[in-house]
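What follows is a short report on a single structure.
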Amino acid sequence: MIKPLKHPSKIALLVALSLGVSACVSDDKQTSPTTSQQTELTSDSIDVPTPQAAIDFINHAEAELASLSIEAGRAEWIYSNFITEDTAALSAAMGEKVTATSVKFATEAAKYADVELDPVNKRKLNSLRSSLVLPAPLDAAKNAELAQISSELNGMYGKGKYCFADGTCMTQPELSNVMATSNDPALLLEAWTGWREIAKPMRPLFEREIELANEGARDLGFSDLSELWRSQYDMKPDDFSAELDRLWGQIKPLYDSLHCYVRGELNQKYGDDVAPAQGAIPAHLLGNMWAQQWGTIYNSVAPDNADPGYDVTELLAQNNYDEIKMVEQAESFFTSLGFDELPSTFWTRSLFVQPKDRDVVCHASAWDLDNLDDIRIKMCIQKTAEDFTVIHHELGHNFYQRAYKHQPFIFKNSANDGFHEAIGDTVALSITPKYLQKIGLLDQVPDASKDIGLLLKQALDKVAFMPFGLMIDQWRWQVFNGTIKPEQYNQAWWDLREKYQGVKAPVARTEADFDPGAKYHVPGNVPYTRYFLAHVLQFQFHKSLCEIAGDTGPVHRCSIYGSKQAGEKLNQMLEMGASMPWPEALNIVTGTKEMDAQAVLDYFAPLQVWLNEQNSQANRQCGW
């Protein structure tokens, strides 16, 4: 499941804290600069914005942010691992300090926007200027108002519950479990509509929040918040939007085939009244609160002969894998590529098992605490196939963090915000039956007849996610720039859901509803396009690394485990951090400066042939 800001990475961590969103947990706290602090920040003046003055400012800001990131990271680590009123207060105080610093540097960086600088310093300046996700207006009263609204929105989501008629009240994770496990359409519908009740009161707050953040964006020299968010990709904002449309155009035929097949299977399961054979799919039937990933309905739509003949959870148990051995095995994946072993402090400072004596944040995350070698993961590991994959993914973040440790602080990040997630997912794509055999978990690799089931399971999560990963910010950017008016919020949301996903609300919705607010990343102000990019990039990286490794078989069967050549090329890209435009980093591994979703189609090629055959045999009318 997609979670916000899983790995704290330098300026991103500072910005996350400034928004009241921990880099590792979605909490309810919100802090902002005091009025006196804000007055001090806006009283700075620059008589002559010379290149040398700009460089002096960049160097000062970089040094202060580097120091602050260590302090902030430690405060968040302690809070996430020892949740008490005291650690929450310390974390909140740190958030206030970060907010003041982030606003000050972003505002000052905007004053140098037109100064002629060398490419390195220009890149650093742009990063300082555009790193705020929700920029505060310079007016102190409006700054405080924005902070209060953001806090209220986070609180509404975090405290949200729905109570059934029998008095049972459920939180979002509990309701999501109902969505993932129940086959009762009436119960699914009640859980789906019930959760969305919590978002209705968000609408006026969200509308005002956008007004204030747009003013803040204009204070930084952007036309609106949409332009600020889209300016972070080494392209003109409108060119970036066009690039997303191009990538989606490549993927859509595969998604259409998957959508058609799944809709047909759901129709057979539930009948015409619940799951119509044509048109958009009712959103409550896809196994997920937001219909963003469909993997939990795999058993309902899988072909009869799809079982690959093994269960990784059972294999781990049979081979006496405990939590530590699972992490050690994931580490050995990276060392097989030529990466150095994890530092000894990783093993003594990470959290692997849920403590019995205190509250902790359990969702998996990767941390870099000192900008050098103090890398850690924090997980309450379960001895399951899912967590075995997650560990490989999280270590992908850690090895990325360590690879760019020699970069200047502002460049200690991924090439764009999609790269960090993509690297972890790229590694996870190599957890194939071939890999399981090489490490002794599996005696024999299943023959190709079992590939369809494995690919379908992957596609239900990864391919099904892609239009959702795209449409969240398509909606949000149009809200930011005024294309979507407040009185159209909900209608426009469902228009885009249907356009991109072919998914519809299962019951009538009106503008009294605010369904976007039922997805954390909207009230939490977490940009979402990064996840769409990561889902494209991971397949592009995987295919190229398989070619570098000399694997000539089907790309979905390839594992780069043990390939020093692939590891060397991967490390070259990781070491660059954010020091160069992302096309340069992409070119290191793939030999091209363009993102290309063809690798997605190549990976799922056997599945698409099979899906089209099934749809044709069943005489299904695809599309919606």
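The values are calculated or read from the model by the stated rules, or taken from the named source; none is laboratory data. Everything numeric in this text was worked out from a predicted model, so none of it was measured. As a convention, Cβ positions derive from the backbone with ideal geometry for all residues, glycine included, and neighbour counts pool all protein chains shown. With ligands, DNA and RNA removed, areas are computed over all heavy atoms of the protein, side chains included. Shrake-Rupley method; radii C 1.70, N 1.55, O 1.52, S 1.80 Å.
A 18 angstrom limit on the alpha carbon distance is what I want to check against. Which of K200/K519; K122/K236; K325/K378; K252/K434; K269/K450 exceed it?
K252/K434; K269/K450
Between L436, N481, P506, whose Cα lies farthest towards the positive end of the dipole of the stretch 400-548 when Lys and Arg beta carbons carry +1 and Asp and Glu beta carbons carry -1, centred on the Cα centre?
Towards the positive end, the residue furthest out is L436.
Express the relative contact order of the chain as a whole percentage, based on alpha carbon pairs under 8 Å and six or more residues apart in sequence.
Answer for the chain is 18 percent.
Nearest 20 debye, what's the magnitude of the dipole of the chain about its Cα centre given +1 on Lys and Arg Cβ and -1 on Asp and Glu Cβ?
For the chain, the charge dipole is close to 480 debye.
Out of all DSSP beta bridges in the chain, what portion is antiparallel? Express it as a percent rounded to 5.
Around 70 percent of the beta bridges assigned by DSSP in the chain are antiparallel ones.
Just how far, in whole angstrom, is the stretch 212-276 from the stretch 456-501 if you go by their alpha carbon centroids?
About 5 Å separates the Cα centre of the stretch 456-501 from the one of the stretch 212-276.
Kindly identify the stretch 360-432 as rounded, prolate or oblate by the Cα gyration tensor criterion: order the square roots of the eigenvalues as a ≥ b ≥ c, call it rounded if a/c is under 1.5, otherwise compare a/b with b/c, prolate if a/b is larger, else oblate.
oblate
Students sometimes get this wrong: rank T483, T592 by accessible area, probe 1.4 Å, all chains present, largest first.
Accessible-area ranking of T483, T592, largest first: T483, T592.
Which value, in Å² and to the nearest 10, is the accessible area of W494 when all protein chains are kept and the probe is 1.4 Å?
Solvent-accessible area, nearest 10 Å²: 30 Å².
Could you give the accessible area per residue of the chain, probe 1.4 Å, as a whole number in Å²?
Heavy-atom accessible area per residue stands at 38 Å².
Please list C558, C362 in order of solvent-accessible area, largest first, computed with a 1.4 Å probe with all protein chains present.
From most exposed to least exposed: C362, C558.
If each of K499 and L187 carries a label point 7 Å out from its Cα toward its Cβ, how far apart are those two points in nm?
3.7
Report the extension gain between Q52 and E174 in nm, rounded to one decimal, defined as 0.36 nm multiplied by the number of residues separating them, less their alpha carbon distance.
38.3 nm
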